[in-house]
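What follows is a single structure, written as structure tokens, with notes after it.
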Amino acid sequence: MAVVRSLSSLEVLPTITPAEYLSRERNSSDKHEYIDGLVYMMAGAKENQVLIVHNVSRTLGNQLDDRPGKVYTSDMKVRLTPTTYVYPDVAVVCGDADFEDDEHDVLLNPALIIEVLSSSTEYYDRGLKFRRYQHLASLQEYVLIAQNAACVERFVRQPDGQYRRRHEYKHRTRLDWMHIGTGRRLQEGHFRLLVPLSLSLKMIYSL
């Protein structure tokens with residue numbers, strides 16, 4: 001597989017098509033992101049990140065047990081554009097999940113995306129990757145969680161399509177803030193289904 005070893009690498013290799021990427025990725029033991037024809041190998045996660053992702057996905061998943069929604073972790077690809085595929089740490093869908101094809105391994109409509117920051121990915125997660133996520137019409141909230149401090153940041157989509165940084169939590173014990181929704185079209189109109197979700201620093205960081 002044509003691979004650029006890291007997102008900061010200057011090495012340029014021959015590009016491949018999205019179909020070629022998906023075919024190879026589905027037969028690969030490693031995970032790679034695909035951006036405009038180039039393939040980027042993802043580094044393995046360290047213990048703190050693994051535990052935080054587990055805590056967050058388990059907590060949100062429990063809250064969605066009797067509600068219309070699903071939680072996906074970092075094994076699920078998300079298509080941002082026809083030429084961009086990434087693996088977020090956590091992706092939440094409200095309502096029915098839409099997939100690119102019958103393989104059901106490329107999600108199209110996350111309402112909430114959560115990334116756990118690391119020293120090697122923080123600049124990318126805050127900058128270029130966040131800008132790419134904004135191509136998703138379904139995305140309502142983007143959340144960044146620090147690994148080495150009790151700090152959670154929330155970016156909320158506004159009516160004009162821009163994202164506003166709403167809060168940074170450092171000392172609060174409970175975060176009752178996520179209200180993700182999906183539009184459902186009916187014969188006589190359009191309504192919005194809101195699903196309230198909450199997290200706590202204790203849940204996230206196993207405090």
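The values are calculated or read from the model by the stated rules, or taken from the named source; none is laboratory data. Treat the numbers as computed from the prediction; the structure is a model and nothing was measured. Backbone-built Cβ (ideal geometry, glycine too); neighbour counts: all protein chains shown.
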Count - residues of region 1-53 that are part of a helix (DSSP H, G or I), at pLDDT below 90 and touching a Ser or Thr at 6+ places or on another chain (Cβ under 8 Å): 2
Complete set of residues in region 106-143 that are in a loop (DSSP other than H, G, I, E, B) and of a type in the set (Val, Ile, Thr): Thr121
Region 28-41 residues that are more than 12 Å from Pro18 (Cβ to Cβ), paired with ones that are at pLDDT 95 or above and among the aromatic types (Phe, Trp, Tyr) (beta carbon under 6 Å, 6 or more apart): Lys31/Tyr87
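How many residues, within region 144-165, are outside any loop (DSSP other than H, G, I, E, B) and either not assigned by TED's automatic domain parsing to the domain that holds Leu51 or not aliphatic (A, V, I, L, M) (or both)?
Of the residues in that region, 7 qualify.
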Qualifying residues in region 85-105 (those that are more than 13 Å from Asp75 (Cβ to Cβ) and among the small types (Gly, Ala, Ser)) - the one surrounded by the fewest Cβ atoms within 10 Å (Cβ to Cβ): Ala97
Qualifying residue in region 105-118 (condition: of a type in the set (Ser, Thr, Tyr), out of contact with any Asp or Glu (no Cβ under 9 Å at 6 or more places or on another chain) and over 18 Å from Pro18 (Cα atoms)): no
Test: residue in region 83-90 that is assigned to a strand (DSSP E or B), of a type in the set (S, T, N, Q) and in the same structural domain as Ile113 (by TED's automatic domain parsing): yes
Condition check for Leu144: surrounded by 15 or more Cβ atoms within 10 Å (Cβ to Cβ) and in contact (Cβ under 8 Å) with a residue 40 or more places away in the chain: no
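Any idea which of Leu64, Leu51, Leu60, Leu38 is outside the structural domain of Tyr85 (by TED's automatic domain parsing) and either within 15 Å of the chain's Cα centre (by Cα) or surrounded by 13 or more Cβ atoms within 10 Å (Cβ to Cβ) (or both)?
Leu38
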